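To start, the structure itself, in structure tokens.
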Amino acid sequence: MSTPPFRADIVGSFLRPAELAGARRRFAAGDIDADALRVAEETAIAELVVREADAGLKLATDGEFRRSWWHFDFFGLLDGVEIVELDHGIQFQGVQTKPRGIEISGKIGFSDTHPFLDHFRSLKSLLERTTGAVPKFSIPAPTVLDFRLEPGHLSGSGYDGREDIVDDLVQAYRDAVAAFYDAGARYLQFDDTAWAYLCSEVELEKARERGIHTDGIAERYAGILNRILDGKPDDLTITTHVCRGNFRSTWISSGGYEPVAEQLLGNTAYDGYFLEYDSERAGGFEPLRFLPRGSEGNGRDKTVVLGLITSKSGELEDVDAVKHRIDEAAAFAPLEQLALSPQCGFASTEEGNVLTEDEQWAKVREVVDIAADVWR
């Protein structure tokens, strides 16, 4: 494919190089200033995009090297949103994250001074000067903010309740999409854990405990996203990555996509879907039958990017086994509407997954090699 998502693609984040991780620690300790940290970030990103090109990718990300978290960094820089300390973190299998959460303190909005815009501009400019790859940039989906908002974290905001924030949240994301487009973005991704949690009765029960009405929630989320995606420019690709949790190689959610597939694939106007399929927790490929065939649905072919290569361990997958699984998926969705990627990023938080950088790049090269063979 000449336009994204590509046959060989990636979710976005990479392990932080030792030099960058050290610079971030020194910055947190007050030993270097923001300018020195920025130099370390830019040096690491410049090296990263060369490695992405050398691996055979047609796109490049900045590895999320300027972020500590895949989601909180973006949310905390929206107008009216703060990241606060809680008495608990997010519980993964056997490990818990730092105790952080979302607080709505005022009217939600996206400002043209949001630092992520400059992060994108820097990546785009770097690629124009170097590899010529297509810049891909990821931000957390609005549904994540809604799903992770805990009781009592709207007090003092001026909003009466969860439903009261929707219009401003939609407008903030419409403004964000327009701003990234004006900055030259043509490939954006909304990273989203909420859809995966809707496939898990355990996570749905936790959501109900947070005051979320889960009846009809898939339809509600499709409606919110479609209000944001409606009217986006034709030459802007917006995909989503449906994540089951990714912290230090652990996970949160289990359950196949069947409960949400019709709304997510059939009724939400994304151009592509990065779906995790690296373990039995994701279920079978049958839900792919809801992917609109050809350009029916939103005026262009939608693509499902199969996350068959795990980012949670360094062991390489058997190539023939991966090809066989692609064949299995093609029984439910056209092969020409499928692609391949790692199942998630390699470092959704700055701590990173439990594998080496060499193993990480071997995974990326495997994706490229398999995709080149399957879609010749």
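The values are calculated or read from the model by the stated rules, or taken from the named source; none is laboratory data. Quantities reported herein were computed from a predicted structural model and do not represent experimental measurements. In this analysis, Cβ positions are derived from the backbone assuming ideal geometry, glycine residues included, and neighbour counts consider all displayed protein chains. Each accessible area value is taken on the protein alone, full model and side chains, heavy atoms only, with ligands, DNA and RNA left out. Shrake-Rupley method; radii C 1.70, N 1.55, O 1.52, S 1.80 Å.
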So for R0 = 45 Å, FRET eff. of Asp230-Asp369 from the Cβ-Cβ r, to 0.05, ends up at 0.75
Probe 1.4 Å, all chains present, heavy atoms only: Thr356 accessible area in Å², nearest 10, is 70
Note, the range 327-332: 3J(HN,Hα) by Karplus (6.51, -1.76, 1.60, θ = phi - 60°), whole Hz, Gly/Pro = x, goes 4, 5, 5, 5, 6, 10
With every protein chain in place, the accessible area of His324 for a 1.4 Å probe, in Å² rounded to the nearest 10, comes to 110
With the label point 7 Å along the Cα-to-beta-carbon line of Asp167 and a cut-off under 20 Å to each amide N, the hits in the range 216-241 are 220-231
So Met1 and Glu328, fully extended at 0.36 nm per residue minus their Cα-Cα distance, gain in nm 115.6 nm
Simple SL model, points at 7 angstrom along Cα→Cβ for Ala321 and Ser105; separation in nm is 4.9
The orientation-averaged projected area of the Cα convex hull of the chain, in nm², is 17.2
Note: Tyr181 to Asp31 extended length (0.36 nm per residue) minus current alpha-carbon separation gives 50.3 nm
So, relative contact order of the chain in percent, Cα under 8 Å, 6 or more apart, is 20
In the structure shown, of Lys58/Lys323; Lys206/Lys363; Lys136/Lys312, the pairs separated by more than 24 angstrom at the C-alpha atoms are Lys206/Lys363
For the range 1-133, shape from the Cα gyration tensor axes a ≥ b ≥ c, cut at a/c of 1.5 then a/b versus b/c, turns out prolate
By accessible area (1.4 Å), largest first, Arg210, Arg38 order as Arg38, Arg210
Each label sits 7 Å from Cα toward the beta-carbon; between Arg121 and Arg289 the label points are separated, in nm, by 5.0
